[in-house]
Every structure is written in C-alpha cells, then in structure tokens.
Amino acid sequence: MQENGKDVVDKDINDIFDDILLSEEKVIEESYKEGFQIGIAKGNPEGYHLGYHRGAELGAEIGYYVGVTESYLQYLKNSNISEKLFKSLETLKVLLDNFPRHNAEDVDIIEQATNFHMVDYFSKEAYTKYIPENIQYEIKEIGEEEITNYIFTDDYRKLPNLLKFVEKSREFTLKNCPDVCLNINDFQGRLIEWGCEEFLRLKLEIFMTSKKSHEVDILSFISAAVRNIAGTSHIIDIGDGKGYLSSMLALHYKIPVLGVDASVFVHEGIDFNELVTNIFLKKPNGLSLVGLHTCGNLAASSIRIFNSNEHIKTICNVGCCYHLMTECYEEDPNKKENILLGHGFPMSSYLKRKEFVIGRAARMIAAQSVDRIMDKKNLPNKTIFYRALFEVLLERRCENVPSNQRYV
C-alpha cells in the first residue's frame, strides 16, 4: 500500500466515496469536530444526526465512517478475507484521515450568509440556502404569524432551535461584550476614576426628537468629561448639522466650540489649530474632536484627522449610515473615488494587507437597530416585497444588467 496520500487518492475504490466526500466545499470547523467525535466514538448513525448545519453533518458522517472502517479493519485483520477488500478499506481509512478538518484560509464561510439583502430571499433563494433546516421546520410547523408573535414577545418555548440561535447570537452583541464596550454607568465611573469632575447633565425635551435629545445628552456629557480630563481649551464638532451637540456644549457646559459641517474642511490637511485661532482670536491650548452621526466616510475621516493632527488630543465619535461608507477593495462599478477624503474602510494596516471587505449588504444590516424593531414590533414595509418582485423580473428578463448595478 502506498504511503503517499496523493497516490492513495488516485486509486479507484468504487462509488462509496461519492456518498462520503466532497458533498460540500465548505466545512464549519467547530461543528465538524463535534460531529466527528460523536461519529468516531459510536460508529453509528447517531453522529450523523448531530445537527443540521452542513459542517456538523459532514463531521458526523465522516466520523461515523471512520469508526465503522476502523472496526472492520480490526475485526477482519486476522480473518481470511481477500487482500483487495482489506486494501480498499485501508484506502478508505486514509482518505477519511486526509479529509480537511478546517476551512482553507482563503475561503470565506460567512460572506454569502452575511451579505444578502431581504430581496435575496426571493431572487436568490436565500431562505433555503442560509436558514438552518431545523429552524425552517419549526417555522413550517408553527406558522409564520405565530413565529413572529413569539419573537416579538421573546417566547421561544416552542422554538428550541431558534432559541439556540438567538442565544448564541446575543453573546456577540456589543452590550453583552463588556470587555469591548462599557455600558454608560460603567463608563461614567471610569471617567471619574480618570480625574473628571462631576458635571450636572441637562436633557432638553424641546427643539429635537426624544431620540436626538437622548443622544445629545449622553455625548455632550462624555465629550465635556473627556475634554476636562485632557485639559483642552476648544472643541471641534465635525458634521455639526443643525448644531444640537455644539449648542449644548457651548451653552450648558460653557466650552468654546467650532462647528464644521462642510466636507471641504474635513480632511487631514486642514490646520484646525489655525482655523480655531482665526475664529476665536485666541490660540487654543489643545483641541478635542467630537462628532454625532458622522455619516459614512466622515467617521473614518475624523479618526484620520485625530491620528495625524498633534494639536487634537481627544476624540468622541459616533458614526452612522455605514451603507454609505466606501470600501477600498469592494468590487463596485458605481463607486466614486474621493481623493480628498479617501475610503472609509479598511483603515488598519492588517486589514489592508488582507484586502478585507465587509460588503454593502452587511453594512446595511449593521445599520439596522434590532432594539428599535423589537420595541416597535414593526415588520419591514411591503415596499420591500414589491422591490423583491421587481428584482426577480430583472434577474429573469434583464440578464445584461449586473446585480451590483441595481442597488436595493
């Protein structure tokens, strides 16, 4: 028997491998290993039925056949069987051992599952492709309307598989990752530890929506606190808009603020120190940069300004409209280069070396507020359904129009 793996693979051991190998190109490593261990331990179909994710199915199936093959080889080792059968079993064992246990580094196993729009449920059969079979079964058995009510009332007693998915997903939300994102109370305590004096906060209930009032209340307090710790004299409000944030900082916290809204001012080459000096007729002693709802690439530009300008000591930035952010390595024929501002993503050297792409659909999903949807209990507007039908017609009748030229 050849020990070289390639020579072994080239051998014909009938059609048995068609049922075992190459049923999928992508293998989910963690679930694969789990299924593999169950399959090899028991050597029976129980491992195969471990889960509905294809990675687990493959892991269990291959683990099962490894267990069966090893059992037969051990049992038949001293038996009077044909050499051809014994070698075929050994070849099968080698093939199973050589089957990849992890994904290739250049294979993105989640890109397709994260970068699809709601209309893709109709035009690209996203529901059957990406929704696990066990969850599809629960939806079919209980019904769409009942499922929706259960989700909005956070009642998953009849939906164990969907509950498992929801609980796993919740683990990765920012509010459940305290090492990455502090809640406002913990952050306020941290500011005091860093030497910030206590401020009397003010929440205006007039002139702006309740949502905007909430945001201005928190960010104005944080901006004033960070500026107090750093000891800077002036604040620059990037993307000032209607001036809600800058007005609160100036009128309530008594901080000199320069609001900058025109994009021509928001790039690394602008001398903000000189600009503040000309406006306030006094040279600043360090600058703080703030921005509430810095749209698209403006958030990235703000970070670049902070990084390149030695006079700017602090930054408090809340971005928005991620779907409007441009990506350097995204294939987009409609993308307009902006030499002055540059791309919004990626910014780190590591991601640039990887030529990493988030994708427009994934950025749009990131801009959705799950909390607001759950609070309002509102389903997507019917216009999305009409747009989906239109997309199906375009797919079938207008093949000459690429999908990336008809943004949803």
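What follows draws every value from the coordinates through simple rules; no lab data is involved. Remember, it's a predicted structure, so these values are computed and weren't measured experimentally. A quick note on method: Cβ atoms are made from the backbone with ideal geometry, for glycine too, and the neighbour counts reach across all protein chains shown.
Here are the numbers for the structure shown:
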item: Amide H contacts of residue 234 (H built 1.01 Å from N, under 5 Å, at least 5 apart or other chain); result: 285, 288
item: Separation of alpha-carbon centers, the stretch 110-139 and the stretch 164-187, rounded to whole Å; result: 25 Å
item: Distance violations [Cα-Cα > 27 Å] among 124/376; 175/376; 129/211; 140/382; 212/254; result: 124/376; 129/211
item: Amide N proximity, the stretch 114-140 versus residue 393 label position 7 Å along Cα-to-Cβ, cut-off under 15 Å; result: 123
item: Cα→Cβ-extended label distance, 7 Å offset, between residue 186 and residue 282, nm; result: 3.9 nm
item: Mean separation of Cα contacts under 8 Å, 6 or more apart, over the residue count of the stretch 182-320: relative contact order %; result: 23 percent
item: Theoretical gain in end-to-end length, residue 166 to residue 400 [0.36 nm per residue, Cα-Cα removed]; result: 80.3 nm
item: Under-5 Å amide H pairs with residue 316, H placed in peptide plane, nonlocal only; result: 289, 290, 291
item: Additional length obtainable on full extension of the chain from residue 318 to residue 261, 0.36 nm per residue less Cα span; result: 19.0 nm
item: Amide H within-cut-off set for residue 367, under 5 Å, with H built and near neighbours excluded; result: none
item: Highest average packing first - 210-222, 347-359, Cβ atoms within 10 Å; result: 210-222, 347-359
item: Sorted peptide list for 174-184, 233-243, criterion being average Cβ within 10 angstrom, highest first; result: 233-243, 174-184
